[in-house]
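Engineer: Supplied in structure tokens, the structure appears directly below.
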């Protein structure tokens with residue numbers, strides 16, 4: 001009986017200590033934050049401009065695929081792909097390629113702003129389900145929200 005009680009006490013104290021320690025999140029993230037990589041990030045704003053939605057096209061978004069350090073996504077008009085480099089909170093995109101479909105003029109203008117902003121990115125921040133890409137001057141350039149596909 002004493003052995004069972006001692007084992008139960010040891011188990012309870014271990015659980016209590018583990019609960020106090022909490023779950024360790026990777027550097028730059030809190031436990032409730034979405035991961036930067038392998039998350040579908042829907043574009044919300046570029047600078048102060050709201051993302052443009054066009055009927056019958058994919059919404060502007062990106063996914064950073066960790067395994068190959070590859071970006072895939074859409075500008076809201078054309079598909080985009082390319083590489084990226086991630087080092088802690090530092091993030092940069094290599095040359096991005098896009099398909100060459102024509103869209104209305106305001107959509108094409110927004111696409112150019114989006115691609116230009118991605119070229120200026122120096123770091124990133126995730127807070128909950130929001131991703132902000134920041135330039136070298138510390139200015140928020142692009143904002144996304146996580147979308148759960150299932």
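Engineer: For segment 84-107, what are the residues that are within 23 Å of residue 36 (Cβ to Cβ), exposed (fewer than 14 other Cβ atoms within 10 Å of the Cβ) and modelled with pLDDT of 95 or more?
Structural biologist: Applying the first criterion (within 23 Å of residue 36 (Cβ to Cβ)) to segment 84-107 yields 84-98.
With exposed (fewer than 14 other Cβ atoms within 10 Å of the Cβ) added as a condition, the list becomes 85, 87-88, 90, 94-95, 97.
Result: 85, 87, 88, 90, 97.
Engineer: Next up: I'd like to know if segment 70-83 contains one or more residues that are without any contact (Cβ under 8 Å) to a residue 24 or more places away in the chain and in a loop (DSSP other than H, G, I, E, B).
Structural biologist: For segment 70-83, residues without any contact (Cβ under 8 Å) to a residue 24 or more places away in the chain and in a loop (DSSP other than H, G, I, E, B): absent.
Engineer: Restricting the search to segment 48-57, which residues are surrounded by 14 or more Cβ atoms within 10 Å (Cβ to Cβ) and touching a strand residue (DSSP E or B) at 6+ places or on another chain (Cβ under 8 Å)?
Structural biologist: First, the residues of segment 48-57 that are surrounded by 14 or more Cβ atoms within 10 Å (Cβ to Cβ): 51-52, 54, 57.
Matches in segment 48-57: 51, 57.
The values are calculated or read from the model by the stated rules, or taken from the named source; none is laboratory data. Everything numeric here is computed off the predicted structure, so don't read it as measured data. Cβ atoms come from the backbone with ideal geometry, glycine included; neighbour counts cover every protein chain shown.
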